[in-house]
1. Out of region 174-183, which residues are out of contact with any Gly (no Cβ under 8 Å at 6 or more places or on another chain) and within 12 Å of the ligand (Cβ to nearest atom)?
2. For region 183-202, which residues satisfy the criterion of being in a loop (DSSP other than H, G, I, E, B) and of a type in the set (D, E, K, R)?
3. Out of the residues in region 110-129 meeting the condition of being more than 15 Å from the ligand (Cβ to nearest atom) and of a type in the set (D, E, K, R), tell me which one is farthest from residue 191 (Cα to Cα).
4. Out of (1) in the same structural domain as residue 97 (by TED's automatic domain parsing); (2) under 14 Å from the mean Cα position of the chain (by Cα), the odd one out for residue 161 is which?
5. Tell me, yes or no, whether region 67-84 has at least one residue that is away from the ligand (no atom under 14 Å from the Cβ) and more than 29 Å from residue 20 (Cβ to Cβ).
6. State whether the residues of region 270-284 include one that is farther than 17 Å from residue 217 by Cβ, out of contact with any Cys (no Cβ under 8 Å at 6 or more places or on another chain) and without any contact (Cβ under 8 Å) to a residue 24 or more places away in the chain.
7. If you check 19, 33, which single one turns out to be more than 21 Å from residue 126 (Cα to Cα), within 12 Å of the ligand (Cβ to nearest atom) and among the aromatic types (Phe, Trp, Tyr)?
8. Return the residues of region 36-62 that are charged (D, E, K, R) and either more than 12 Å from the ligand (Cβ to nearest atom) or outside the structural domain of residue 84 (by TED's automatic domain parsing) (or both); say none if nothing qualifies.
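The values are calculated or read from the model by the stated rules, or taken from the named source; none is laboratory data. Keep in mind that what you see is a predicted model, and the values were worked out from it rather than measured. As a convention, Cβ positions derive from the backbone with ideal geometry for all residues, glycine included, and neighbour counts pool all protein chains shown.
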Amino acid sequence: MKRVFSGIQPTGSPHIGNYLGALKNWAKIQYDYESIYCIVDLHAVTIYQEPKELRQKIEELAGMLLAIGIDPTHSSLVVQSAIPQHAELAWMLTCVTPVGWLERMTQYKAKSAAQETIGDGLLQYPVLMAADILLYNAAIVPVGDDQSQHLELARDIAGRFNSLYGETFVMPATHLPSVGARVMGLDEPDKKMSKSATGSGHAVSLLDPPEVIRKKIMRATTDSNPAVDFETMGAGVQNLLTIYQAFTGALDVDVRAHFSGMRYGDLKKQVAEAVVAALSPIQERYKQIMDETGYVAKVLDEGAKRITPIAAETVEVVKKAMGLYTAS
Ligand code: TYM
């Protein structure tokens, strides 16, 4: 059975962009593969995180991943730092990765521009990401569009390793959703919705209560038209329609027929209700999961136990390929 791997950082609070771009697909395709989903705390610390808060966010994010439908009896839900081979393989891959490849990454450029001192981890970030995927020889990686460049780099690193040391890694394929691969900020529809953006009207968090969701969507930036015009609409209206379509699964033709000419106030009400309807059951499950003392920790523990042998075996294979010291 082919393997699927993906990851999410335990920073900020997960939002509908994360859900529509990645998490919804994680749950949807999990039974078609051997699935590994990872909370990437080592990636999170490439930018300073308050330690107590980070520790708590890891657990909350795990609860949320269970709430959106990750089935721990089938999929392995794990925390990156619990499996030391992620960092170990990252080092080996760092040694075959030209610095120029890393300096070209758009996320590195954007994140480093916002820092006073740039930690080396920020530059190495995509190498660790390649290690996450290659450690399990994952064939499929479901992500949002903003990770496409990192995935391309992961394939380049795998290719370079294979050509230097012999065929070792499977080439991972990027798996994007057909609708919702890039959800934009509600307040700034020219920027992708982001966990770290601070504006209160920017993102809908997966845990926002219905009245907050309605308020944020009703305030979303549109354009100077009074009603939906598919020929001239701006990015804000397009984004609202994408959110609606991704949450409801409606077809393009039906969305067009239904919303053409609709006034923005009515469009927003319908989008808000679609989001509330989809998030309410997730929020209910989240509450039940978090109320069950010890449950999340048990799931994470079992996940790590299940997949550590795969990670250990890959590291052995890579060490042998590189001529590093192995016991046998
Ligand atoms: P992260 O934590 O930023 O985001 C988690 C997932 O959500 C997607 N996403 C979005 N999709 C659509 N619209 C948006 N506005 C939006 N914002 C975020 C992301 O594409 C991602 O799929 N580097 C990764 C984590 C990672 C990883 C990996 C992913 C580490 N190792 C290995 C795949 C494989 C990240 O920071 O995701």
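1. 174, 175, 179
2. Initially, region 183-202 is screened for residues in a loop (DSSP other than H, G, I, E, B), giving 183, 185-191, 193-202.
Across region 183-202, the qualifying residues are 187, 188, 190, 191, 195.
3. Per the criteria, the residue is 120.
4. Tallying (1) in the same structural domain as residue 97 (by TED's automatic domain parsing); (2) under 14 Å from the mean Cα position of the chain (by Cα), residue 161 fails exactly one: (2).
5. yes
6. So far as region 270-284 goes, yes, one or more of its residues are farther than 17 Å from residue 217 by Cβ, out of contact with any Cys (no Cβ under 8 Å at 6 or more places or on another chain) and without any contact (Cβ under 8 Å) to a residue 24 or more places away in the chain.
7. The conditions single out 19.
8. Within region 36-62, the first condition is being charged (D, E, K, R), and the residues that meet it are 41, 50, 52-53, 55, 57, 59-60.
Those that are charged (D, E, K, R) and either more than 12 Å from the ligand (Cβ to nearest atom) or outside the structural domain of residue 84 (by TED's automatic domain parsing) (or both): 50, 52, 53, 55, 59, 60.
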